[in-house]
1. Residue check: is residue 263 among the small types (Gly, Ala, Ser) and over 30 Å from residue 58 (Cα atoms)?
2. Given the residues 201, 258, 283, 249, which is the only one that is surrounded by 13 or more Cβ atoms within 10 Å (Cβ to Cβ) and either without any contact (Cβ under 8 Å) to a residue 12 or more places away in the chain or assigned by TED's automatic domain parsing to the domain that holds residue 177 (or both)?
3. State which residue is surrounded by the fewest Cβ atoms within 10 Å (Cβ to Cβ) when the search covers only the stretch 204-246 and only residues that are in a loop (DSSP other than H, G, I, E, B) and basic (Lys, Arg).
4. Restricting the search to the stretch 220-233, which residues are in contact (Cβ under 8 Å) with a residue 40 or more places away in the chain and not hydrophobic (A, V, I, L, M, F, W, C)?
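The values are calculated or read from the model by the stated rules, or taken from the named source; none is laboratory data. These figures come from a predicted structure and were not determined experimentally. Don't worry about glycine lacking a Cβ; one is built from the backbone with ideal geometry, like all the others, and counts go over all protein chains shown.
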Amino acid sequence: MKPRTTQWLNFVLCVALLESLLTQSTADHCNWRGSGLSREAHSGTVEQVRLRCTEGSVEWMYPTQALRVILEPNLSSARHTTVCIKPFRSFSGANIYVERSGELDLLVNEQAGRRERVYCFRADSPQHAAVFLQASPQQDISRRTVGFQYELLSNHSWTPDFHRVAELEAVCRPCNNTELLMAICSSDFVVRGFIRAVSHELDQQVSQVEVGGARLYRQKNTAFQQDQGSGRWGGRIRTPLRCRAKQGEGDFLFTGTEHFGEAWLGCAPRYKDFVSVYRAARETRANPCEFPLD
């Protein structure tokens, strides 16, 4: 980025911080949807949006000038200090910057935003984080939309950076008995079934495990869908490519986390092995929660 451009953006940011009257578009506590056409073309002001959830979405249609999004989760979520953003497929018309101590660092440019990857950064404060969207100069804005989902994560939760060897080893290694017992209690999803197929996305360094014939015990969102005919549950679970997921016969218990509507693999023992571990823990009252065995 050229120094003059950086200085200009930082000046615009200062102006935005000093504005006392904030113009809001359609918004709730988690999501915002608005249009750049709602402001005068040469007003010189920056529209500001405040969102107070740990996850949600932003959709800025016909982007013009700039938009500042302030994420302020409630005090009970103060442990969340990492922000992850996943641009929509239709992302077009702006760059996204991260605010750090009054300065702006480029996070997502217009071209990179179309690659369907996740971008994460550390927030300056556990109480809030802010991103700054700068509209790109353009002649025709009729088909431009800047949209993204966001999630605020704790320091010890999931991260999509699988290029760090230590993190990758932790993600790929099998769970021990203690981790397995905790996984069935605290995971975003718990399903039982078999591996129908495994595919690989080389560009994103991710493998997708297609699960079939599943019984659903719990899920956070809707990563797994029920077949109306058979009543069985099925879905896809993502895992880093370097974990070398492969198709295998047998009945498995899949657990993990859900992020941006996608399921990510955690512990996945064979169901018969899980039953042995769980029964042994229950006999000694070491099971952290109750789980229905067939």
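1. The answer is no for residue 263.
2. 258
3. Checking each candidate, the answer is 246.
4. Restricting attention to the stretch 220-233, the residues satisfying the condition of being in contact (Cβ under 8 Å) with a residue 40 or more places away in the chain are 221, 223, 233.
Answer for the stretch 220-233, where residues must be in contact (Cβ under 8 Å) with a residue 40 or more places away in the chain and not hydrophobic (A, V, I, L, M, F, W, C): just 221.
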